[in-house]
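Novice: Input: one structure, supplied below.
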Amino acid sequence: MATMPTALFRHDEPGRGLPVSARIRERLVRAGQRFHANDNIAAYLHDGDIDALRSEVEERIRDVLDSLVIDTTGDHNTHETARRVAKMFVTEVFKGRYVPMPPITEFPNVEKLNELTIVGPITARSACSHHLCPILGKVWIGVMPNEQSSLIGLSKYARICDWVMSRPQIQEEAVMQLANVLEATVKPDGLAIVIEADHFCMHWRGVKDADSRMTNSVMRGSFLRDPDLRREFLSLLARKA
Ligand SMILES: [Zn+2]
């Protein structure tokens, strides 16, 4: 049997000898928890698992480079590539799968604000689930608070957005996930989100269409009920764009 780095194993729970990914998968399956590319699985990770995952992914990326017949021993450019890519996947571009939602301080709406607030453009950085190619875009969020709403700082919208986007995503699902998190956190009367993004799998491969951008929107609550509010939001965006 091939020797594997000890970092892949934990010795204090059943399933020792299995790669860390297999042990995490076991916990998810036992809990009946979905683990699609854009799901957050932080609640099923134990201390040290992220480092162990990074080591395991590094091994697997090295296997991919070997299968691509790239001489990672002789080629100084790719010698450290497996380590860099594993770190990038696990702790940067896909970290939104492995870490809990950033802590958000919520303030009661003491002034009973009920005016439309627009946040954006927030830069959205993600990758498509289909090809793991980058997605780069902009997000605008409209919030219509009521007396029961919680108010969160402007920078928190960007942090929540980054947490949702830092996963392999499908743009239509990303915007729904972001809306769900914001609805649960802010509890607004209405919520509107527009995302416009560039999918690099359309530039780098496939049809190589350099001008293709995709726009999605989600409207909830008063934005659905009130066409004037929806129009106000969209016209303010048009002026900003
Ligand atoms: Zn793609």
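The values are calculated or read from the model by the stated rules, or taken from the named source; none is laboratory data. Computed from a predicted structure; not experimentally measured. Reconstructed Cβ throughout: ideal geometry from the backbone, glycine too, with neighbour counts over all protein chains shown. Side chains included, ligands, DNA and RNA excluded: accessible areas come from the protein's heavy atoms. Shrake-Rupley method; radii C 1.70, N 1.55, O 1.52, S 1.80 Å.
Novice: With the structure loaded, tell me whether Phe233 is among the aromatic types (Phe, Trp, Tyr), surrounded by 14 or more Cβ atoms within 10 Å (Cβ to Cβ), within 16 Å of the ligand (Cβ to nearest atom) and in contact (Cβ under 8 Å) with a residue 40 or more places away in the chain or whether it fails that test.
Specialist: No: the conditions fail for Phe233.
Novice: What is the residue count in region 28-59 for residues that are surrounded by fewer than 18 Cβ atoms within 10 Å (Cβ to Cβ), of a type in the set (Lys, Arg) and part of a helix (DSSP H, G or I)?
Specialist: So the count comes out to 1.
Novice: While we're looking at this one, here's another question. Kindly check whether there is at least one residue in region 126-136 that is within 16 Å of the ligand (Cβ to nearest atom), under 28 Å from Asp47 (Cα atoms) and open to solvent by 50 Å² or more (accessible area, probe 1.4 Å). Spell out how you get there, then give the answer.
Specialist: So in region 126-136, the residues within 16 Å of the ligand (Cβ to nearest atom) come out as 126-136.
If we keep only those that are under 28 Å from Asp47 (Cα atoms) too, we end up with 126-127, 129, 132.
Among the residues that remain, those that are also open to solvent by 50 Å² or more (accessible area, probe 1.4 Å) are: 132.
So far as region 126-136 goes, yes, one or more of its residues are within 16 Å of the ligand (Cβ to nearest atom), under 28 Å from Asp47 (Cα atoms) and open to solvent by 50 Å² or more (accessible area, probe 1.4 Å).
Novice: Mind checking which residues of region 173-188 are of a type in the set (D, E, K, R) and either open to solvent by less than 10 Å² (accessible area, probe 1.4 Å) or over 17 Å from Ser155 (Cα atoms) (or both)?
Specialist: As a first pass, look at region 173-188 and keep what is of a type in the set (D, E, K, R): 173, 183, 187.
Listed by number, the residues that qualify are Glu173, Lys187.
Novice: Sticking with this one: Out of region 142-158, which residues are out of contact with any Phe, Trp or Tyr (no Cβ under 7 Å at 6 or more places or on another chain), more than 17 Å from Phe223 (Cα to Cα), surrounded by 15 or more Cβ atoms within 10 Å (Cβ to Cβ) and among the hydrophobic types (A, V, I, L, M, F, W, C)?
Specialist: Ile152, Ala158
Novice: Pairs please, first residue from region 129-143 and within 20 Å of Phe35 (Cα to Cα), second anywhere and part of a loop (DSSP other than H, G, I, E, B) and at pLDDT 95 or above, Cβ atoms under 7 Å, 6+ apart in sequence or on different chains.
Specialist: Ser129/Ala37; Ser129/Asn38; Ser129/Ile170
Novice: Given (1) among the small types (Gly, Ala, Ser); (2) closer than 29 Å to His131 by Cα; (3) over 24 Å from the mean Cα position of the chain (by Cα), identify the lone condition not met by Ala238.
Specialist: Here Ala238 meets the rest and fails (2).
Novice: Based on what the data block shows, is Val164 part of a helix (DSSP H, G or I), touching a helix residue (DSSP H, G or I) at 6+ places or on another chain (Cβ under 9 Å) and either open to solvent by less than 10 Å² (accessible area, probe 1.4 Å) or within 16 Å of the ligand (Cβ to nearest atom) (or both)?
Specialist: In short, yes.
Novice: Return the pairs, sorted by first residue and then second, in which the second residue is among the aromatic types (Phe, Trp, Tyr) and buried (at least 18 other Cβ atoms within 10 Å of the Cβ), the first residue lies in region 87-98 and is under 16 Å from Cys128 (Cβ atoms), the beta carbons are less than 8 Å apart, and the residues are 6+ apart or on different chains.
Specialist: Close Cβ pairs (under 8 Å, with a partner that is among the aromatic types (Phe, Trp, Tyr) and buried (at least 18 other Cβ atoms within 10 Å of the Cβ)) amount to Gly96/Trp163.
Novice: Counting just the residues of region 193-212 that are among the hydrophobic types (A, V, I, L, M, F, W, C) and within 14 Å of the ligand (Cβ to nearest atom), which one comes out surrounded by the fewest Cβ atoms within 10 Å (Cβ to Cβ)?
Specialist: Across region 193-212, the extreme among qualifying residues is Val207.
Novice: Same structure again: Looking at (1) over 23 Å from Cys133 (Cα atoms); (2) of a type in the set (Gly, Ala, Ser); (3) open to solvent by 50 Å² or more (accessible area, probe 1.4 Å), which is the one condition that is false for Ser217?
Specialist: Among (1) over 23 Å from Cys133 (Cα atoms); (2) of a type in the set (Gly, Ala, Ser); (3) open to solvent by 50 Å² or more (accessible area, probe 1.4 Å), the lone unmet condition for Ser217 is (1).
Novice: Name, by its number, the condition in (1) within 16 Å of the ligand (Cβ to nearest atom); (2) more than 20 Å from the chain's Cα centre (by Cα) that does not hold for Gly190.
Specialist: Of (1) within 16 Å of the ligand (Cβ to nearest atom); (2) more than 20 Å from the chain's Cα centre (by Cα), only one is false for Gly190: (1).
Novice: Sticking with this one: Suppose we keep only residues that are open to solvent by less than 20 Å² (accessible area, probe 1.4 Å) and either in contact with a Gly (Cβ under 7 Å, 6 or more places away or on another chain) or among the hydrophobic types (A, V, I, L, M, F, W, C) (or both) within region 98-125. Which one would you say is farthest from the ligand (Cβ to nearest atom)?
Specialist: Within region 98-125, the match that is farthest from the ligand (Cβ to nearest atom) is Val119.
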